[in-house]
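Asks: Shown below is the structure under consideration.
What follows is calculated from the coordinates using simple rules that are stated; it is not laboratory data. The structure presented is a predicted model; accordingly, all values stated were derived computationally and were not measured. As a convention, Cβ positions derive from the backbone with ideal geometry for all residues, glycine included, and neighbour counts pool all protein chains shown.
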Amino acid sequence: MISAGAAGHDSRLTDHESPITNYGDIMRTDSECIFCKIVTGDVPCFKLYEDDQTIAFMDINPANEGHTLVIPKEHWEDVYAISPELLAATVQTVQKIARVVNQTLNPDGINLVQANGKGAAQSVQHFHMHILPRRVGDEVKLNWGLHPGDMDAVKDVCERVKRNLPV
């Protein structure tokens with residue numbers, strides 16, 4: 001896994017070893033990333049939409065009919081690394097595609113899913129969002145049960161996280 005830091009590549013790699021290429025202000029790609037290969041056209045996809053910053057395409061391992069992926073064209077591993085501007089552009093594309101998927105397929109609902117890291121089951125180390133149309137009774141497992149939390153523990157976590165928020 002390549003973790004893109006502020007320098008644009010994993011600090012454990014020397015510049016000549018890094019698969020991530022930064023073409024100045026043009027585009028940042030990772031030569032080993034399947035999504036970057038889709039962006040460059042080296043790997044085909046069923047493309048729904050493309051603009052100057054994002055691309056939306058069908059998931060070839062769909063959890064349900066209409067399962068779509070939206071990615072930024074630039075390679076950023078996760079929500080921690082992507083710029084706020086590119087994140088906003090990606091979410092705008094997600095909204096545009098979700099509206100059309102909803103209108104076209106008329107599902108009972110749509111999940112928007114985004115995972116960061118192995119513990120969250122991030123399958124490709126390139127920021128991406130899933131648009132997942134849902135049907136009542138489908139067998140897609142995303143939801144967790146509602147179990148009342150320990151209010152003292154919830155309050156403690158809230159306070160710990162708030163202390164690290166920038167002012």
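Asks: So what are the ³J(HN,Hα) numbers for the stretch 100-111, from phi and the Karplus equation (6.51, -1.76, 1.60; θ = phi - 60°), rounded to whole Hz, Gly and Pro as x?
Replies: Listing the rounded values in order: 5, 4, 4, 5, 6, 9, 6, x, 6, x, 9, 9 Hz.
Asks: Could you go through the stretch 35-46 in sequence order and give the Karplus-derived ³J(HN,Hα) for each residue, using 6.51 cos²θ - 1.76 cosθ + 1.60 with θ = phi - 60°, rounded to whole Hz, and x for Gly and Pro?
Replies: 6, 4, 5, 5, 4, 7, x, 6, 10, x, 8, 8
Asks: GluC sites (Glu not before Pro), restricted to the stretch 79-167: which are DSSP loop and have at most 15 other Cβ atoms within 10 Å?
Replies: 139
Asks: Report, by chain and number, residues whose modeled amide H sits under 5 Å from the one on residue 134, excluding near sequence neighbours (fewer than 5 apart, same chain).
Replies: Amide H neighbours of residue 134, under 5 Å, 5+ apart: 108, 109, 110, 111.
Asks: Here's a follow-up. So what's the gap between the Cα centers of the stretch 78-98 and the stretch 139-158, to the nearest angstrom?
Replies: 26 Å
Asks: With θ set to phi - 60° and the Karplus curve 6.51 cos²θ - 1.76 cosθ + 1.60, what are the ³J(HN,Hα) couplings of the stretch 157-163 in order, to the nearest whole Hz, using x for Gly and Pro?
Replies: Along the stretch 157-163, the couplings run 5, 4, 5, 5, 5, 4, 4 Hz.
Asks: Tell me the net charge near residue 53. Cut-off is 10 Å between Cβ atoms, residue 53 excluded, with +1 for each Lys or Arg and -1 for each Asp or Glu.
Replies: Combined, the nearby Lys, Arg, Asp and Glu give -4.
Asks: Ok, one more. When a/c reaches 1.5 or more, the comparison of a/b and b/c decides; with that in mind, is the stretch 43-167 rounded, prolate or oblate per its Cα gyration tensor?
Replies: Judged from the Cα gyration tensor, the stretch 43-167 comes out oblate (a/c at least 1.5, b/c at or above a/b).
Asks: Okay, moving on. Using a cut-off of 23 Å between alpha-carbon atoms, which lysines can reach residue 141, once sequence neighbours fewer than 8 places away in the same chain are excluded?
Replies: 118
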